[in-house]
Every structure is written in C-alpha cells, then in structure tokens.
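A.B. asks: First, the structure itself, so that you have it in front of you.
The values are calculated or read from the model by the stated rules, or taken from the named source; none is laboratory data. Fair warning: this is a prediction, and the values are worked out from it, not measured in the lab. Neighbour counts run over all protein chains shown; Cβ positions are idealised from the backbone, glycine included. With ligands, DNA and RNA removed, areas are computed over all heavy atoms of the protein, side chains included. Shrake-Rupley method; radii C 1.70, N 1.55, O 1.52, S 1.80 Å.
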Amino acid sequence: MARAALKDAKQDAARDRVSALSLPGGASWAAEVRQAALGRIEAMGLPHRRDEYWKFTDPATLTQPEAPAAALFDPRETPMFDAVDRLKIVFVDGVFDPDASDDLAMEGVEIERLAEATQKDIHWAKDLYGTLEARGHDPVERPLAAFNTAFATDGVVIRATGRASKPINLVYLHKSERSDAVLHHLVKIEEGGDLTLLESGPAAARFSKGLEVDIADRSAFHHVRIQGRDHERRAVTGYFARLGTESTFKSFTMTVNGVLTRNEMVVELTGDDAIAHVAGAALGDGKDFHHDDTVFVTHDAVNCESRQVFKKVLRNGATGVFQGKILVKPDAQKTDGYQISQSLLLDEDAQFLAKPELEIYADDVACSHGSTSGAIDEDALFYLRARGVSQAEAQNLLTIAFLAEALEEIEDERLADDLRARLTEWLERRIR
Amino acid sequence: MLDIKGLEVKLEEEDKQILKGVDLNVEAGKVHAIMGPNGSGKSTLSYVLSGRDGYEVTAGSATLEGADLLEMEPEERAAAGLFLAFQYPVEIPGVGNMTFLRSALNAQRKAREEEELSAADFLKLIRAKAKDLKIDAEMLKRPVNVGFSGGEKKRNEILQMAVLEPKMCILDETDSGLDVDAMKLVADGVNALRDAGRGFLVITHYQRLLDHIVPDVVHIMADGRIVKSGGPELAREVEENGYGDLLGEVA
C-alpha cells in the first residue's frame, strides 16, 4: 500500500470509528479541547500495522468499535496498596464510585473529577487538558491518545500546591465483561509541590487512559502503577509528562497478565537540571500475553538526567515489546541519558521485540543504551539448587532478581517491598 | 558416610570418559583429601556428586548414608546433607546474600520436614556464624558474591556450610585464589565444623591447604582413577617431588 493510500485508509477508519460517537458535553473550553482532539484523530487516522511504531503490536482490538469481552478475575488477595495510608478514588468500569471513594479533600492538593471540572466555565485544567497530548505527536503520531482526550467520560484533575500528606490511589475495578472505559487524568504539580499517585486494577474489559502531568520547577511527582491482572483485559495508555527546572519525575509500572497492553509514554525535560526516571516490570505467561512499552524521552534543557529501565519476564509464547527513544535536542548539553530494556525468556516460545533508539544533536552528552534477551542463568540456578533451593523457587528468586533493577526505581521503600512480596506471591501461585 | 564404587562418568556432549572407575569411602568424622594434577577428574567428581548437568554416569554408584545420590535432584542431595563448596562461587546479581542463605536453609528444613526458621532466629544464627568468619554485615547485605574478592567468595562458601550444617562437605579447590591469611581463615572455619558426625572431602591441587586442614587420608587421583592412597605424608611427598615421580611410580 502506498503511503497516500495508507493515510487514506487510516483516515477512513478514524471517521468510521468516531461517526457513531458523540463528544461528552461540558463548558465551551472543554468542548473546544475535545473538538480539537477529534480533529487530530481525523487528520492522523487510526493506527495501522503498517505504522512504524505499530509493527510489533496489532492495534485492531484497541480501535474496533466494540470492546472484546474480558472475563472477570478475582485475584483472591488483599487489594493493592491496602496497607498504604492513601486517598482512594474508585472507578468501576470507568464510572466514578462516590461511595467507595474517599472525600476528595487533602491539604495542599485540589482534587476534582474531570466530569465536573469540564463543566466549569473557568478552570485551571483548561491550560493542561489536551495540551501535552497535542504536542506529543511530533515526530510520532499517537492517535489513540487524541481519541482519549476527545472521548474521555471522566477522570481526575489534581493540582498539588504543596507536599501531599499521603498518596492518591486511583482504583480501577472491572465488573462488567464488556465494559469499555475511557478516562483522562490531569495532574499539575505547582512549584514546591510533591505528590505520589498510585494506580491499581484493570478498570474495564478495554481501558483507554490518558494522563497529562505538568511538573513545575522544583517540584516532584512519583507514580506507581499496577495494571490489572485480569487475563483477558486490554489497556492502552497515553502518558504525557513535562518537567520544569530542577523537577523530579519517577514512574514505575508493573504489568502481570492481560492479553494486550500498550503503554505509551512521552516525557519532555524542558527545564534545566530535571530528573526523569521511568521504569516497568512485566510478567507474561502464555501466547495471549502481549505487552508493549513505547517510550519517548526528549531532552530540551541543560544538565538533565533521564533513565528508562524496562524488564520483561516472558514464557509460554508470551510477547514483549519495547520501543524506546532518547532524543537530545541541540541545546540540551550535559544530558545524562540511560536506557535499558531486557527480557528474560523462560522458554523458547516466548519472544521479545526491542527497538532502542538514540537521537542526539548536542555534542556534550553522556547517553547509553542497551537491550538484551536471555534465558535464566544456568550456573546461578545450579548454585541455588546445590544449596537446597528447589528448581521452581530458584527460578523465582532469579526472576525477581532480574526485575530488581526496575523495582529499584521506586523511591518509596515500603511500596517497593510490598511489590516484591506480591511478586513472590504471584510467582509462587504459578508453580502450584 | 559417602560411598563411591566403580564410578565411571563421561561428558554428555562429547564422547569423553572423565572418571574411569573411582572407589572411595569417606567415613563420618574423617577428612579425606584428593590431590591430583590438572585434568585428573577431581572437579568432575565433585560436580557429579552434587548433581550438575552435563555429565553421564555410565557405571558405578555413589551413596550418602546408604541413599543413592545419583538418583536425586541437586536440591535433594543438599537436603540429604551433601554440600559442595564451589571452586568458582557463582555471582547472583539481585539476590541478597541473606535472602539466599535463608531460602536455602528453610528449603532444606522444609524438605526434611523440620520447621522453618523465623526471620529473627535466622538473623541471630547468621550473625554469630558470620562473626567467626570475619564476614561483616555489609557483605551479608550485598547480592550473592557480587563484587566479592576471591577470599570473600570462599569465606562466603564456608559461611553457607556453617549455616547449613551438612553431613558431608566437599571442598573443591577452596584454596585457589587465596592468600595465606585468607586460607587460614577458611581453614579455621572448616576445622571448627569438624566433628564425629561429619565427613569431609577436600579436593586440592596443592599441599598447602592440607597444612591447615590436616587430613586423615590422602588420595592421589590421575586420569580418572584414584591411583594411590595414604596418610598425610602422601601430600608432603607431592609437595616435594611433584606428581610426576608419584605417577611414574604407579605406572
């Protein structure tokens, strides 16, 4: 298919897809934001297997009108982050649940629902909603993110003016087999602000999530996400973060199960001396598991540091994808960029597809990247077994060890320990 | 304790016979040493006994207190009381030394249907044992053997031995890469574990380790067989005259 014909096909598909939908209502500014996003989708068209950044992942089930059914899954365990003192905001199949949620009130932080904020004629969210997404399509188009901006039915808008006294936890429950949820969150961390956002749960049979985070000078945003373990759920995330001077951004995602996960992340370091660490750990089992991290980090300021650490453990035909880029603009001197993507393939049926990229236009930078695929270390396995550890337990220990570098990116030790314990528990379940 | 009869072993990958009929009986409470030139099959013997992949036993037997070792998985051999101190201890990035030791100890206890040790009791145990071997808390926190010096790795092996309290200890070239002080420390650790219920098989190329861990019996191994056995004086003979004379004499 020629380039022009492909574009036509994509645009036709986009028009088909949106024709039956109507934009959610709201104040005029919100309507404009959504209308503009709709325009972007129609111009870009829907993603296609022929697109450079979709050749490893088939977008069909993410773009088709009906969400494919996903059986409900009861993990039979204490909910994630239950031991953490947090402010809980619950969505059931994408619908806000006020009874299960805490009061949206915390000192130093304004929290509102997107559905309410977009009704107000004047709101700070106007400057953020769709803004980072809109500028995140160059040079790679992300039509599903624009779709999310246009059609998000709800979400939260959070503005931190100070240090939050506890994390905010977005809890996504999945209770209907055919639910199709579209949520969009806006997070603005004002100068001196410091907030931790936790996310947990599958959210829906198909979940589209948009997240735009604006991190002002000298502020910090921490993010830990555990994607739902429902085996048949699908999820696509468009995650956009902008960092100001001397700001810190740390995000960690753990993915276990799910037939399709596409986590797109666009990080822009726009102020000097900023730090961005993004990490992910994925555990995939079975040929239906497909997990895709597509990460784009742009250095556009002096003396910034970025790290991308992505680890995947795959077996029984599971597929892992990593597409990661560090772009260093001409003026971004003294950049310290690091990217590592690694897979541990527990058998010969699993596959890992990686596309690491560096694009550097400044001359005084230190950037390194690496990508590896390997099996379990037989010498280490034997050493553990020779000390009495069973083969299965030894394999689990080595699996967690493999993921350790990604887990280390979680700054809060308690959260990290909690996750390590969960991982061990989940791995042990698989043996039984 | 450890009873090896007519053990013949070849490499799995190629048709190469390494052990050509090894007979050896280590009694409880005794220290046996195996010496021999490079390539004589000493290390292969230790690997085969501990259950490493890549070897095929073509004849003979090996039992520990009457139980057939060769039928067991490596972890079952460990739980039965066999311990191999590795010539090259493996580095395991991402697994803390403490986690490793505790997993090993509790796995063995579980296999023997004993109660697992609590975190607190384990900590107490490990601290006491580590102190004797001059292993500091920092070393216990680090990932297994990662960034350890040669001496630290070998001390870590002996620490594992002290914690796991095996019945039968095989030390494979534990002296390699050690300076005199480190060797003394390691030997002291081993000697502290010597008792009437425990057997030792010390594999070494040089006699010097045997100055510190004095054996009851010394065997000379060459070309896949034990060609000569005797008392500690045999080790000194090797030291003075090398293997050439001894082997020439046997031939």
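A.B. asks: State whether the residues of segment A:180-191 include one that is without any contact (Cβ under 8 Å) to a residue 60 or more places away in the chain and not in a loop (DSSP other than H, G, I, E, B). Let's see the steps before the verdict.
C.D. replies: Going through segment A:180-191, the residues without any contact (Cβ under 8 Å) to a residue 60 or more places away in the chain turn out to be A:187, A:189-191.
Okay, now just the ones that are also not in a loop (DSSP other than H, G, I, E, B), so A:187, A:189.
Within segment A:180-191 (the criterion being without any contact (Cβ under 8 Å) to a residue 60 or more places away in the chain and not in a loop (DSSP other than H, G, I, E, B)), the answer is yes, since at least one residue qualifies.
A.B. asks: Can you list the helices (runs of 4 or more DSSP H) lying wholly within segment A:358-432 that have 3 or more residues being facing another protein chain (nearest Cβ under 9 Å) and either within 28 Å of the chain's Cα centre (by Cα) or among the hydrophobic types (A, V, I, L, M, F, W, C) (or both)?
C.D. replies: A:378-386, A:391-407
A.B. asks: If you don't mind, there's one more thing I want to ask. How many residues does segment A:227-239 hold that are under 23 Å from A:Val297 (Cβ atoms) and surrounded by fewer than 24 Cβ atoms within 10 Å (Cβ to Cβ)? If you could, list the steps in order and put the result at the bottom.
C.D. replies: In the first step, residues of segment A:227-239 are kept if they are under 23 Å from A:Val297 (Cβ atoms); the result is A:227, A:235-239.
Going one step further and asking which of them are surrounded by fewer than 24 Cβ atoms within 10 Å (Cβ to Cβ), we end up with A:237.
Qualifying residue count, segment A:227-239: 1.
A.B. asks: Within segment B:67-90, which residues are more than 8 Å from chain A (Cβ to nearest Cβ) and part of a loop (DSSP other than H, G, I, E, B)?
C.D. replies: Within segment B:67-90, B:Met72, B:Gly81, B:Gln87, B:Tyr88 meet the criteria.
A.B. asks: Then there's this: Can you find, within segment A:240-250, the residue that is least open to solvent (accessible area, probe 1.4 Å) among those that are part of a strand (DSSP E or B) and out of contact with any Leu (no Cβ under 7 Å at 6 or more places or on another chain)? Don't jump to the end; show me each part of the working.
C.D. replies: Start the filter on segment A:240-250 by keeping residues that are part of a strand (DSSP E or B), which leaves A:240-243, A:248-250.
Among the residues that remain, those that are also out of contact with any Leu (no Cβ under 7 Å at 6 or more places or on another chain) are: A:241, A:248, A:250.
Details: A:Ala241: 4, A:Thr248: 34, A:Lys250: 37 Å².
Checking each candidate, the answer is A:Ala241.
A.B. asks: From the list A:Ile189, A:Ile89, which residue is touching a strand residue (DSSP E or B) at 6+ places or on another chain (Cβ under 9 Å), closer than 23 Å to A:Pro24 by Cα and open to solvent by less than 30 Å² (accessible area, probe 1.4 Å)?
C.D. replies: Checking each option against the conditions leaves just A:Ile89.
A.B. asks: For segment B:187-198, indicate whether the set of residues that are buried (at least 19 other Cβ atoms within 10 Å of the Cβ) and touching a strand residue (DSSP E or B) at 6+ places or on another chain (Cβ under 8 Å) is non-empty.
C.D. replies: Yes, the conditions are met somewhere in segment B:187-198.
A.B. asks: So B:Glu237 fits all but one of (1) more than 22 Å from B:Tyr88 (Cα to Cα); (2) open to solvent by 80 Å² or more (accessible area, probe 1.4 Å); (3) of a type in the set (Asp, Glu); what number is the exception?
C.D. replies: Tallying (1) more than 22 Å from B:Tyr88 (Cα to Cα); (2) open to solvent by 80 Å² or more (accessible area, probe 1.4 Å); (3) of a type in the set (Asp, Glu), B:Glu237 fails exactly one: (2).
A.B. asks: Could you check how many residues of segment A:390-408 are open to solvent by less than 20 Å² (accessible area, probe 1.4 Å) and in contact with a Phe, Trp or Tyr (Cβ under 8 Å, 6 or more places away or on another chain)?
C.D. replies: 2
A.B. asks: If you scan segment A:210-220, which residues turn out to be open to solvent by less than 20 Å² (accessible area, probe 1.4 Å) and either in contact (Cβ under 8 Å) with a residue 60 or more places away in the chain or in contact with a Pro (Cβ under 6 Å, 6 or more places away or on another chain) (or both)?
C.D. replies: A:Gly210, A:Glu212, A:Val213, listed by residue number.
A.B. asks: Shifting gears a bit: If B:Thr174 passes every condition in (1) assigned to a loop (DSSP other than H, G, I, E, B); (2) exposed (fewer than 14 other Cβ atoms within 10 Å of the Cβ) but one, which one does it miss?
C.D. replies: The failed condition is (2).
A.B. asks: Also, I was wondering about something else. I'd like the full set of residues that are at the interface with chain A (Cβ under 7 Å from one of its Cβ atoms) and not in a loop (DSSP other than H, G, I, E, B), limited to segment B:51-66.
C.D. replies: Across segment B:51-66, there are no qualifying residues.
A.B. asks: Let me ask something else. So is B:Lys42 surrounded by 14 or more Cβ atoms within 10 Å (Cβ to Cβ), at pLDDT below 95 and closer than 12 Å to B:Ile226 by Cα or not?
C.D. replies: Taking the combined requirement at face value, the residue satisfies it.
A.B. asks: Within segment B:91-109, track down each residue that is in a helix (DSSP H, G or I), without any contact (Cβ under 8 Å) to a residue 60 or more places away in the chain and either within 27 Å of B:Thr204 (Cβ to Cβ) or within 8 Å of chain A (Cβ to nearest Cβ) (or both).
C.D. replies: B:Asn97, B:Thr99, B:Phe100, B:Ser103, B:Leu105, B:Ala107, B:Gln108
A.B. asks: Just one of A:Met44, A:Met80 is open to solvent by less than 50 Å² (accessible area, probe 1.4 Å), among the hydrophobic types (A, V, I, L, M, F, W, C) and within 23 Å of A:Arg135 (Cα to Cα); which is it?
C.D. replies: A:Met44
A.B. asks: Taking the conditions exactly as written (within 12 Å of chain A (Cβ to nearest Cβ), open to solvent by 40 Å² or more (accessible area, probe 1.4 Å), out of contact with any Asp or Glu (no Cβ under 8 Å at 6 or more places or on another chain) and free of Cβ contacts under 8 Å to residues at least 40 places away in the same chain), does B:Arg112 satisfy them or not?
C.D. replies: yes
A.B. asks: Continuing with this model, one more query. Given the structure, is B:Asp179 more than 14 Å from chain A (Cβ to nearest Cβ) and more than 24 Å from A:Ala401 (Cβ to Cβ)?
C.D. replies: The answer is yes for B:Asp179.
A.B. asks: Then there is this: Filter segment B:20-39 down to residues that are touching a Phe, Trp or Tyr at 6+ places or on another chain (Cβ under 9 Å) and either within 14 Å of chain A (Cβ to nearest Cβ) or open to solvent by less than 60 Å² (accessible area, probe 1.4 Å) (or both) and give me whichever is farthest from B:Leu2 (Cα to Cα).
C.D. replies: Restricting to residues being touching a Phe, Trp or Tyr at 6+ places or on another chain (Cβ under 9 Å) and either within 14 Å of chain A (Cβ to nearest Cβ) or open to solvent by less than 60 Å² (accessible area, probe 1.4 Å) (or both), the top hit is B:Pro37.
A.B. asks: What are the residues in segment A:194-231 that are assigned to a loop (DSSP other than H, G, I, E, B) and of a type in the set (Ser, Thr, Tyr), if any?
C.D. replies: Matches in segment A:194-231: A:Ser219 only.
A.B. asks: When segment B:117-140 is examined, which residues are found to be open to solvent by 80 Å² or more (accessible area, probe 1.4 Å) and assigned to a helix (DSSP H, G or I)? Break it down into steps so the answer makes sense when it comes.
C.D. replies: Step one: filter segment B:117-140 for residues open to solvent by 80 Å² or more (accessible area, probe 1.4 Å), giving B:124, B:127, B:131-132, B:134, B:136, B:138.
Correct list: B:Lys124, B:Arg127, B:Lys131, B:Asp132, B:Glu138.
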